1. With the condition being assigned by TED's automatic domain parsing to the domain that holds L394 and under 23 Å from W401 (Cβ atoms), I'd like the helices (runs of 4 or more DSSP H) fully within the range 420-472 carrying at least 3 qualifying residues.
2. If G183 satisfies all but one of (1) crowded, with 22+ Cβ neighbours inside 10 Å; (2) in contact with a strand residue (DSSP E or B) (Cβ under 9 Å, 6 or more places away or on another chain); (3) at positive phi; (4) not hydroxyl-bearing (S, T, Y), what's the number of the condition it fails?
3. Identify the single condition in (1) part of a loop (DSSP other than H, G, I, E, B); (2) over 20 Å from the mean Cα position of the chain (by Cα) that Y227 does not satisfy, given that it satisfies every other one.
4. Those residues that are farther than 22 Å from A13 by Cα and either outside the structural domain of P40 (by TED's automatic domain parsing) or assigned to a loop (DSSP other than H, G, I, E, B) (or both), I need them from the range 59-88; list them, please.
5. Collect the residues in the range 380-400 that are more than 13 Å from F437 (Cβ to Cβ), among the aromatic types (F, W, Y) and either over 19 Å from the mean Cα position of the chain (by Cα) or surrounded by 14 or more Cβ atoms within 10 Å (Cβ to Cβ) (or both), keeping them in residue-number order.
6. Look at the range 575-614 and say how many of its residues are within 26 Å of the chain's Cα centre (by Cα) and either acidic (D, E) or within 23 Å of V690 (Cβ to Cβ) (or both).
7. If you check Y242, Y297, which single one turns out to be outside the structural domain of E111 (by TED's automatic domain parsing), under 16 Å from S101 (Cβ atoms), surrounded by 19 or more Cβ atoms within 10 Å (Cβ to Cβ) and touching a Ser or Thr at 6+ places or on another chain (Cβ under 7 Å)?
8. R151: closer than 25 Å to Y307 by Cα and basic (K, R), yes or no?
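The values are calculated or read from the model by the stated rules, or taken from the named source; none is laboratory data. Note that the structure is predicted; figures quoted are calculated from it, not measured. Backbone-built Cβ (ideal geometry, glycine too); neighbour counts: all protein chains shown.
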Amino acid sequence: MRVWPGYPHPLGATWDGGGVNFALFSEHASSVELCLFEEPDTAAPTATVSMTESTHRVFHAYLPDVRPGVLYAYRVDGPYAPDQGHRFNRNKLLIDPYAKSLTGRIQWSDELFGYAIGDPDEDLSMDKRDSAAHVPKGQVIDSAFSWGDDRAPRTPWSRTVIYEAHVRGMTVRHPGVPEPLRGTFLGLASDAVIDHLLGLGVTAVELMPVHHFVADRHLVDRGLTNYWGYNSIGFFAPHVGYATGSLGQQVSEFKSMVRTLHRAGLEVILDVVFNHTGEGNHLGPTLSLRGIDNATYYRLVPDQARYYLDFTGTGNSLNILHPRTMGLITDSLRYWVTDMHVDGFRFDLAPVLVRGYEAGQPSAFFEIIQQDPILSTVKLIAEPWDAGPDGYRLGRFPPGWSEWNGAFRDCVRRFWRGDAGQVPELASRLTGSRELFAAGGRRTSASVNFVTCHDGFTLGDLVSYDRKHNEANGDDNRDGTDENYSRNWGIEGPTESVRTQRVRDRMKRNLLATLFLSQGVPMLLGGDEIGLTHLGNNNSYCQDNETSWLNWDVGATGRDFTNFVRNLIAIRQTNPILRRRNFFDGEPVGGGATKDVTWIRPDGQEMTEADWSDPENRSIGMLLLGRAADEVDTLGRAERGETLLVLLNAGHSSRSYTLPTIDWPGRWEELVSTLRPIGIFPRPVRSGVVSLGAQTSLVLRHTERPDH
């Protein structure tokens, strides 16, 4: 086999039409060996190449006789000195962190560990057995793909409605998805799934991790797996488990999925995990970065380099302070935008990406993203907390970023379960959480509002369980949060009580009505619209089974609830006052005395300080002036909204609300009632007083025309 020097850029394995260039960075390695394979499960390579060329610590070689489809991995040699942060072990076959495609999943064995399992010296010992038979190999790909006229939908933030979905869980039980495609990228792009998404009115699908990930050994030993996928080992490779089964098809099938979703007008946002990898703590396996250059890629404890700084709760944290680690992350992001055509990212445990900078010093990660001509144009969403000190950083991300608003989730849950004193905070959450996000010129789109997400109770479980039930995870119910702000409404878990079920259904409608009637970007947990339950498990990360999968056999009740959600989204999308780009300022609009937002009490008057400070007050009225809409159409013309009155009552008694006086003539119509969700809407309001039932939401529209 001919071996030419090749080039240090780009990193990874790159087919240029005449051969393949291989490039791997390692700052502390003494040598690198490239291993080529014909079969994914074999231990013996068909060829090995010593990569003697090194430019600025990038080892590289060009093989003119290699073609796409060839399998490869590396062996990297250097000091094995864990107490100094180095864990080189050339006996361990290593996954290229830039691999675009991987052949399969980890086959757990003691040989995968750099140290001898059971040795009293633990990771200070060295295991010299070969791990090649148990490690997935990278596959050289031909990146050519017929995108046709694919165009990013580029939905404005103010019109964005996010649907959080799991590729496998969304499709594996869907009767409308062809059986060979269930649980795959192509299944997510099937007509049945797209019709459902478009019917709901969502505009973006936020996919839980699709980077190739590791199923933890302790889970596999229990007969479980890492279902959620927050355990990445390949930041460029689509997860092989979401392909139809053919070796190497996951790249083209992912692209086909994106192209199909784009044609339907749906954006694709990826949930990405750049805070840690699947190699775990100092007792974890040697799969990739640990064996390539542990001291470069991971945050190590100062003066105790054997151990890892862990801001994630998973055993390790990526070393974002090193430029090569930063480059790995930003190269991955650019690849998924430019080559895979995705429309944005949600960053898991995002504070890890900015840790280590001095107080007041700007994060290099933020600065790189902000000036990047590609990454600065896509949707960027942060999960603004991690497991480290000062880990809750809600509202502290820069302009250009949106954040999962955990304060919205908690306040809305507590209000509707009947907690006292929630009304003042609820007013802020309904109007975009200005006190959290307005600094630095950020807009309402900085707040991604949600009531439920993959992590925690589903909507159905939120109103059915007072406490978590995670026994099936094998951790004696110790895992998962205890602060769910949930309520079972009298009976724990499933019940045949018609009365209890009616209350639960109404509370579900209340929670989602609050979500879609709030300023900011709403996110719906996939399956909540059809009654998804995890049977009280609020940490179903390891449950790749019917506990987590969506059950599409929903019956009449499920269809009615889906229609209710569809109606809420339609009201939001057709009323620009519900999706303002800028925060309300509480000032009159349109030459009258009516403010852009006015808080109404039951007598129709504006709330006073006494009303706000009353801890027993559990109802609120929000008058949104249609003329305060600041949305524009595709031609740049201002859209005029409709004046809406949103009434929320979490109390145990009904309230009578006098309708407020508007500066111009018109009449009131009922758009939404969570007490009677089925019926003909809009429904005319016959008097100046409406009854707001206990634990009920009501939305009224004021039509600006004279009454007849």
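1. Those helices (runs of 4 or more DSSP H) span 423-430, 434-437.
2. Answer for G183: the failing condition is (2).
3. Among (1) part of a loop (DSSP other than H, G, I, E, B); (2) over 20 Å from the mean Cα position of the chain (by Cα), the lone unmet condition for Y227 is (2).
4. Listed by number, the residues that qualify are G78, P79, G85.
5. Of everything in the range 380-400, just one residue is more than 13 Å from F437 (Cβ to Cβ), among the aromatic types (F, W, Y) and either over 19 Å from the mean Cα position of the chain (by Cα) or surrounded by 14 or more Cβ atoms within 10 Å (Cβ to Cβ) (or both), namely W385.
6. Qualifying residue count for the region: 1.
7. Result: Y242 is the single residue among Y242, Y297 that is outside the structural domain of E111 (by TED's automatic domain parsing), under 16 Å from S101 (Cβ atoms), surrounded by 19 or more Cβ atoms within 10 Å (Cβ to Cβ) and touching a Ser or Thr at 6+ places or on another chain (Cβ under 7 Å).
8. So R151 fails the test.
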